[in-house]
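The values are calculated or read from the model by the stated rules, or taken from the named source; none is laboratory data. Everything numeric in this text was worked out from a predicted model, so none of it was measured. Cβ: placed from backbone, ideal geometry, glycine included. Neighbour counts: every protein chain shown. What goes into the accessible areas is simple: the full protein's heavy atoms, side chains included, and nothing from ligands, DNA or RNA. Shrake-Rupley method; radii C 1.70, N 1.55, O 1.52, S 1.80 Å.
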Amino acid sequence: MPLPVVAPIRAQREYRVVSEKPEGTFKGETATAFAGATAVLDEAVALDADDPEALCLRGDALQELGRREDAVASYDRALRLAPDFAEAHNNRGIALVNLGRLDEAIDNYRAAIGLNPGHIDAVFNLGNALKDSGRPDEALACFERVLAAAPGFAAAHLARGVVLNALERHEAAIAADPGFPERSEEHTSELQSH
């Protein structure tokens, strides 16, 4: 007899509702909601231990609760079942960064991008991990790739400017900010003094 699909569907719905809480929601309220989502996802996994999407969502909820080692374990289970699950690789990378395991995170982001070259979030996350591991030239290439695909990705503009500044390419960093052209001279002298 096939397993009921009600719990996995309910788990996915509950997780998405919780993760889309509006800003201004109290932290305790959000934590309680993620704990509830995690319980429902645990139920879904108990009903169908071979559901990589439920395992990935469970990992996401665990991350939100600060249980990053448990999140990595949940992503690991998802990836054993579906090694080509790009989102699980990306999300595992996020958990690993939060644990300070940058090299492993970089490997996960690269795996996600290898599986889905258009996964802009994974490219952005790879850029940040490379930046944080002292590889600004590689990070810059990632941020430029993100911006070529998604010119409105504000965080990528900011990260690109930070990396350009770290590479002492101050003029390029300033030119990348079209919002303040009248302040270019002021920013140039300010950046060069650091």
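Considered as a group, the residues in region 60-75 that are of a type in the set (A, V, I, L, M) and closer than 18 Å to ASP107 by Cβ include one that is most open to solvent (accessible area, probe 1.4 Å), and that residue is ALA73. Taking region 108-194 and the helices (runs of 4 or more DSSP H) fully enclosed by it, the elements with 3 or more residues that are open to solvent by less than 50 Å² (accessible area, probe 1.4 Å) and modelled with pLDDT under 95 are at 154-166, 170-175, 184-192. Is it fair to say GLY100 is at positive phi and either under 14 Å from the mean Cα position of the chain (by Cα) or open to solvent by 30 Å² or more (accessible area, probe 1.4 Å) (or both)? In short, yes. The set of residues from region 83-106 being of a type in the set (D, E, K, R), assigned to a helix (DSSP H, G or I) and under 20 Å from PRO52 (Cα atoms) comprises GLU87, ARG92.
Any residue in region 103-114 that is polar (S, T, N, Q) and either closer than 19 Å to ALA148 by Cα or in contact (Cβ under 8 Å) with a residue 24 or more places away in the chain (or both)?
Within region 103-114, the first condition is being polar (S, T, N, Q), and the residues that meet it are 108.
Checking which are either closer than 19 Å to ALA148 by Cα or in contact (Cβ under 8 Å) with a residue 24 or more places away in the chain (or both) leaves us with none.
No, region 103-114 contains no residue that is polar (S, T, N, Q) and either closer than 19 Å to ALA148 by Cα or in contact (Cβ under 8 Å) with a residue 24 or more places away in the chain (or both).
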